[in-house]
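The structure appears right after this line, and notes come after that.
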Amino acid sequence: MSGTSADGIDAVLATISGSGRSLRAKVVAHHHQKFPPAFRSKVLHVCLHGHVAEICELNFALGERFAQAALAVIRKAGMKPAQIVAIGSHGQTIHHLPNAKYPSTLQIGEPCVIAERTGITTVGDFRVRDMAAGGQGAPLVTYTDWVLFTNDSRPRIIQNIGGIGNLTFLPPRAKLGDVRAFDTGPGNMVMDALVTTLSRGKLNYDRGGKWAASGRVSKKLLAQCMAHAYFRRNPPKTTGREEFGEMFLREFVARGRKLRLSDADLIATATAFTAESIVDAYRRFVFPKIKPATLPKLQIILGGGGAKNPTLVRMLFERIGVGELCAHEDFCMDSSAKEPLAFAIMANETLLDHSSNVPSVTGARRAVVLGKIVPGRC
């Protein structure tokens, strides 16, 4: 899995048995393969400005890197490729247009290259089938959240803070049709791009949230950000770099400079924007679905790179005001391993000819089997 932040590949090797709510999964090994800065810049560039030739070549270059990551995690687990049943690869999203005339999405990282280099059957390109069935193609990790985190007595929100923020809401004893999930808005995307811009490329994220902690949040700029039409849109909904990428950042900085904000104030406000957009989504679309008597039992489980930013976590805690704030690590799971595990689980369901999209979440007309299967070496 490589997320919208495009900072590298997370690969897990997992044992999986069963299917649906009876499925059991255990992470045996986890490996992170960082993208070199120049390669990361190339990936981010093609998301909005890529030419066909660049995208064509990068599709194969990423396939090589995904194959390397898969082989590395297999070695880390002390195993051999012949012992692996399948690889599930999300790829790298470079464009996502759920509201276009012809809704569409594009993930690159050629699965045929992965299958050829590893000799292992590879399942890839998961999102397009959901979109072909009328869905948004996201969020897809919802199925795994439902399998792994549904509780008999406690409502839970699984909050991922990657490049984009997304939530999964699990009522107690939830059936798959009871689950709700959608993108809350920007996660680290605006913060990271701002840090890169203000540091002139010396930094690509606010380590430990220290830069944001040294600034003051501009209420006026925050209110302007929260006026974005995306936050009023009802789920199912997804977003990406097309709405909160380069153009949004330019406008954010221009407005901040007009208000005479310092660099630290800009980063503090961008961090508060992520926190406020997440909590605004809870207030609008999640809290009304929770019975008042069970609201104190709510657990909010944070994951993704944003969960490692203490300033962002503090801002979330101050705004939420109810329930218990947790991390994936509190449930014996590395948060950076959860999303690659999700695509291993979806690959398993695909090979069993089982659906793993959630129509009530994506808006698809029906449940469908996700992904394309590329056989390994015969």
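The values are calculated or read from the model by the stated rules, or taken from the named source; none is laboratory data. The structure presented is a predicted model; accordingly, all values stated were derived computationally and were not measured. Methodologically, a virtual Cβ is constructed for each residue, glycine included, from the backbone with ideal geometry; neighbour enumeration extends over all protein chains shown. Accessible surface is based on the protein model in full, side chains and every heavy atom, while ligands, DNA and RNA are left aside. Shrake-Rupley method; radii C 1.70, N 1.55, O 1.52, S 1.80 Å.
Here are some notes:
- Along the stretch 197-208 the Karplus relation, 6.51 cos²θ - 1.76 cosθ + 1.60 evaluated at θ = phi - 60°, assigns HN-Hα couplings of 5, 6, 8, 6, x, 6, 10, 10, 7, 8, 4, x Hz to successive residues, with x for each Gly and Pro.
- Centroid-to-centroid separation of the stretch 100-120 and the stretch 344-370 [C-alpha atoms, Å]: 17 Å
- Alpha-carbon geometry of the stretch 80-140: the Rg and the Dmax are 13.6, 46 Å, given in that order.
- Ordering of 330-337, 238-245 by burial proxy (mean other Cβ atoms within 10 Å per residue, highest first): 238-245, 330-337
- Take the Cα of Ala132, go 7 Å toward its beta carbon, and the backbone nitrogen atoms of the stretch 334-378 under 13 Å from that spot belong to 368-373.
- Hydrodynamic radius of the stretch 239-378 by the Kirkwood approach over all distinct alpha-carbon pairs: 18.7 Å.
- Over the chain, Cα pairs under 8 Å with separation of 6+ residues give a relative contact order of 22 percent.
- Most positive-pole-ward Cα, Pro81, Thr144, Asn160, against dipole of the stretch 71-163 from beta carbon charges: Pro81
- 3J(HN,Hα) along the stretch 260-268, derived from phi through the Karplus expression 6.51 cos²θ - 1.76 cosθ + 1.60 where θ = phi - 60°, amounts to 6, 7, 6, 4, 5, 5, 4, 5, 4 Hz, with x in place of Gly and Pro.
- At full extension, Arg260 and Arg377 could sit 36.0 nm farther apart than now, given 0.36 nm per residue minus the alpha carbon distance.
- Rg and Dmax of the stretch 1-141, both derived from C-alpha coordinates alone, stand at 15.7, 48 Å.
- Note on Asp334 and Met247: their simple-model spin labels are 3.8 nm apart, each label 7 Å out from Cα toward Cβ.
- Between Glu64 and Ser153, residue separation times 0.36 nm minus the direct Cα-Cα distance comes to 27.6 nm.
- Here the simple spin-label model places points 7 Å from the Cα toward Cβ, and for Asp178 and Asp353 these points are separated by 3.0 nm.
- Cα-based reach from Lys175 at 15 Å (exclusive), listing aspartates and glutamates while leaving out same-chain residues under 8 positions away: Asp145, Asp152
- Compactness relative to 2.2 N^0.38 Å, alpha carbon Rg of the stretch 288-347: 1.31
- Gain on full extension, evaluated as 0.36 nm per residue between Asn99 and Lys220 minus their Cα-Cα distance, stands at 40.6 nm.
- Karplus (6.51, -1.76, 1.60) ³J(HN,Hα), θ = phi - 60°, over the stretch 102-112, in Hz, Gly and Pro reported as x: 10, x, 7, 8, 9, 10, 10, x, 3, x, 5
- Listed by chain and number, the lysines whose alpha-carbon sits under 26 Å from that of Lys202, ignoring those within fewer than 8 places in the same chain, are Lys34, Lys42, Lys210, Lys258, Lys308.
- Each Cα pair under 8 Å and six or more residues apart adds its separation to the average, and for the stretch 1-93 the resulting relative contact order is 36 percent.
- Residues whose placed amide H lies under 5 Å from that of Gly119, excluding near-sequence neighbours: Arg377
- The antiparallel fraction among DSSP beta bridges confined to the chain stands at about 70%.
- The share of accessible area on the chain that comes from carbon and sulfur is 54 percent, using a 1.4 angstrom probe.
- For Lys34, the solvent-accessible surface computed with a 1.4 Å probe is close to 140 Å², ligands and nucleic acids excluded.
- Residue (of Ala72, His49, Ile114) at the positive-pole extreme of the stretch 1-151, dipole from beta-carbon charges: Ala72
- Part-to-part distance (alpha-carbon centres) for the stretch 142-221 and the stretch 224-253, which is given in Å: 14 Å
- Residue-normalised convex hull volume from the C-alpha trace of the chain: 132 Å³ per residue.
- With all protein chains kept in place, the per residue accessible area of the chain amounts to 45 square angstrom at a probe of 1.4 angstrom.
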